[in-house]
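The values are calculated or read from the model by the stated rules, or taken from the named source; none is laboratory data. A quick note: this is a predicted structure, and the numbers were derived from the prediction, not measured. When we count neighbours, we look across all protein chains shown, and the Cβ atoms used for this are built from the backbone with ideal geometry, even at glycine. What goes into the accessible areas is simple: the full protein's heavy atoms, side chains included, and nothing from ligands, DNA or RNA. Shrake-Rupley method; radii C 1.70, N 1.55, O 1.52, S 1.80 Å.
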Amino acid sequence: MAIFKPSSKPSKDDKLTPLTPEDMTKVLRVEIEQSVDFLESELSSKREKAEAYYKGQTALKNEPGRSGITVAVVRDSIHGILPSIGRIFGQSDTVAEFYSDDEEDEGICKDMTLFANSIYRSYGGYTAMLMASTDAFKSRVGVVKVEYESVVVA
């Protein structure tokens with residue numbers, strides 16, 4: 001997939017030219033920096049506060065002679081929801097299914113379906129989904145990072 005940039009003077013008849021690898025690297029670097037800045041400026045304090053609430057910690061001061069007990073309502077609520085979420089992710093052996101409008105691609109789609117489902121089962125997809133759901137409930141964002149490495153054995 002090519003990303004295009006307009007030529008120096010855009011007009012109706014101008015054609016788009018592909019970005020050079022260097023230009024693409026610059027664009028990606030800027031986008032990554034902006035994403036990290038947004039994460040640090042907008043979300044980190046909210047995530048820290050949510051994590052503290054999840055652990056039952058509050059910023060409230062204890063009054064002398066009053067109880068210092070805190071209730072972990074956030075954690076208890078999340079733990080109450082997780083079984084329902086687990087049933088959603090675990091109710092079927094098929095977690096992903098691929099289709100195509102082209103009949104010639106049916107075999108490829110079946111292979112992709114088998115591959116995706118076997119990877120999900122083999123590498124703890126269920127546990128990853130529950131962990132991501134827990135993170136999403138307490139921190140507003142649940143992320144599952146998946147890496148694929150092709151190893152050639154000689």
Complete set of residues in region 113-154 that are part of a helix (DSSP H, G or I) and basic (K, R):
R121, K138
Among the residues of region 97-146, the number that are open to solvent by less than 100 Å² (accessible area, probe 1.4 Å), touching a residue at least 12 places away in the same chain (Cβ under 8 Å), under 20 Å from the mean Cα position of the chain (by Cα) and more than 30 Å from S44 (Cα to Cα) is 2
Within region 35-47, does at least one residue satisfy the condition of being open to solvent by 100 Å² or more (accessible area, probe 1.4 Å) and of a type outside the set (G, A, S)?
yes
Could you please find all residues in region 84-112 being under 12 Å from Y126 (Cα atoms), not in a loop (DSSP other than H, G, I, E, B) and not basic (K, R)?
I85, G86, I88, F89, G90
Consider only pairs whose beta carbons are under 6 Å apart and that are at least six residues apart or on different chains; among these, list those whose first residue lies in region 65-81 and is open to solvent by 70 Å² or more (accessible area, probe 1.4 Å) and assigned to a helix (DSSP H, G or I) and whose second residue is of a type in the set (S, T, Y) and at pLDDT 75 or above.
R75/Y54
Region 52-64, subset over 25 Å from L130 (Cα atoms) and not hydrophobic (A, V, I, L, M, F, W, C), residue most open to solvent (accessible area, probe 1.4 Å):
K61
